[in-house]
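Let me begin by presenting the structure, written as structure tokens, before commenting on it.
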């Protein structure tokens, strides 16, 4: 059955939709040929139209079918065997060979025998066919066999089938799908599928030198197939649909666990002791079952919930924010906000995508490409310069020559390169992202060497407020960011300049009061740039800052300094002064403990010295008796110091608690 290409749609995601149609009368078959890399997509998407065709069937050979098919036949040609290989693989088959007289028999095999010395050294071998004729075994030199035939008709049939399979598989690049279309009578049949195709591209020409600027767009289409596209309806679809490949053409066998056979085996011998019946038999049985469950079974809690509750889905990573910086030299386009025209293609919304259908049929021969008109329309365009603050902060730069386009063409414009013409000549190249209807976009196509700009930054932090609550001192400040742009226009004509100022995170714009546009990461300010003049443009942003200080961790000096800062409210300063006084009392009490502890250590050391002297002088001598008296006095002094230390430590602890209670309870 002959099928002709009626319609195709090429998607910017790299796939193409093809629809073929024809007229069938009675049962028919249609053959579809695909590249090997496209057969999985064809199997995933093939649709058959025509209600009169009952129970259509699609047949194809998988990539592994050749080897498996040849291996399943009575005669195996999968290993590219010669005569010796074919005969040796047909052991037991009955053949009739001409050598030169005809002889019939069953093949025993083919053996190799030494035949003499080879010229290169060693020996060469000759092949002999061994046939059993029913009465005897005959040995025939293979080189003497001019022909042979199989007595078994099934072997001959399989040989023909093997040769047909090999012939069909010679083209390893292509795969064939055979569609069987049973049915009666004359009927219309359509086949459609989606396969990978080259991505279609768009290129634009923007003429700014005309009385009213206009844009011309061309679609670049590639036919990389072995089929001509003759007078077919062509649609170009722009969007980002989900598209993937799944291996459907190959047989897939899933793995299964191997379990041992359930064989009853035999029972072991047992003996039983005599026993007495319990009154509560049910409770006994329950206890036994519980014992078995506890000792021999897995805890039931581990199996609570759905059978597959152990499988869960979780996110393996979080998307990272990308810091995308615009480089005017790379012709990156500008975000913005988006004139009517005559389109050369009809556009309609295809789901969440945009479809452009070219007017009239399209013809593109196999392995050829074509550039087809997509749109030609007047467009609203405003000339301007754009100065990037990110670049200006690194030194003096030239602003970009740009055009703000407003898409009033009546159709959505896909992304692509733009060649800009001005004053009848080439002006530069630009790039544009997808531009919906009635949206705006700024494109850049060069740099203005007659204009130079730079930016100088200065920052100032000022005190704003302070609060003291529950042991935390919160100090609020304001950081003022000041950016001064200096731009000099050395040309003899005025310019409109857009200053793209980067947004400072967490800061609020205070000057100027208004901006022309704002994107997530930049402000756009419009500035008139007079001829042969230099201007200064200031941008001010205020960023609120807040710091928390745990008062209990602040040093005494820090508390005293903060309590004397007149910028802090009087109530907060009073609380800080009270905290400083309590911290001073704690320090004095801790100093007293340290002083008494040191004195006690000195007394104990003196006691040890006298005790050593006593041992040397003896306690019966006059000197010894003086030492004994001194030891007694030191003991009393040590006891008194220990008591004083305990009292001082208690006082220090009480003062510390008073300080902690105060800062926790205080709030202003």
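Below are the figures for this structure:
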{"item": "Given (1) over 13 Å from residue 659 (Cβ atoms); (2) buried (at least 17 other Cβ atoms within 10 Å of the Cβ); (3) out of contact with any helix residue (DSSP H, G or I) (no Cβ under 7 Å at 6 or more places or on another chain), number of the condition residue 575 does not satisfy", "result": "(1)"}
{"item": "Qualifying residue in the range 490-497 (condition: over 41 Å from the mean Cα position of the chain (by Cα) and within 29 Å of residue 663 (Cα to Cα))", "result": "no"}
{"item": "Count of the range 483-503 residues which are within 19 Å of residue 390 (Cα to Cα) and not in a loop (DSSP other than H, G, I, E, B)", "result": "12"}
{"item": "Residue match in the range 566-579 (condition: in a helix (DSSP H, G or I), under 20 Å from residue 650 (Cα atoms) and within 56 Å of the chain's Cα centre (by Cα))", "result": "yes"}
{"item": "Output for the range 504-528, where each listed residue is touching a strand residue (DSSP E or B) at 6+ places or on another chain (Cβ under 6 Å) and either crowded, with 16+ Cβ neighbours inside 10 Å or not in a strand (DSSP E or B) (or both)", "result": "504, 506, 507, 509, 515, 516, 517, 522, 523, 524, 525, 527"}
{"item": "Condition check for residue 70: crowded, with 17+ Cβ neighbours inside 10 Å and modelled with pLDDT under 85", "result": "yes"}
{"item": "Those residues of the range 93-135 which are modelled with pLDDT of 80 or more, at positive phi and not in a strand (DSSP E or B), in sequence order", "result": "134"}
{"item": "Evaluation of residue 531 against (1) at pLDDT below 95; (2) assigned to a loop (DSSP other than H, G, I, E, B) (one fails), failing number", "result": "(1)"}
{"item": "Test: residue in the range 409-417 that is closer than 24 Å to residue 490 by Cα, surrounded by 18 or more Cβ atoms within 10 Å (Cβ to Cβ), in contact with a strand residue (DSSP E or B) (Cβ under 8 Å, 6 or more places away or on another chain) and at pLDDT 90 or above", "result": "no"}
{"item": "Test: residue in the range 464-482 that is surrounded by 14 or more Cβ atoms within 10 Å (Cβ to Cβ) and not in a strand (DSSP E or B)", "result": "yes"}
{"item": "Some residue of the range 606-623 being more than 60 Å from the chain's Cα centre (by Cα), surrounded by 16 or more Cβ atoms within 10 Å (Cβ to Cβ) and under 23 Å from residue 651 (Cβ atoms)", "result": "no"}
{"item": "Any hit, the range 598-608, residues being within 30 Å of residue 562 (Cα to Cα), part of a helix (DSSP H, G or I) and modelled with pLDDT of 90 or more", "result": "no"}
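Here's the yes/no breakdown for (1) closer than 30 Å to residue 553 by Cβ; (2) under 42 Å from the mean Cα position of the chain (by Cα):
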position	(1), (2)
423	no, no
426	no, yes
432	no, yes
449	no, yes
465	yes, no
505	yes, yes
518	no, yes
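The values are calculated or read from the model by the stated rules, or taken from the named source; none is laboratory data. None of these values were measured; they are calculated from a predicted model. Positions of Cβ are backbone-derived with ideal geometry, glycine not excepted, and every protein chain shown enters the neighbour counts.
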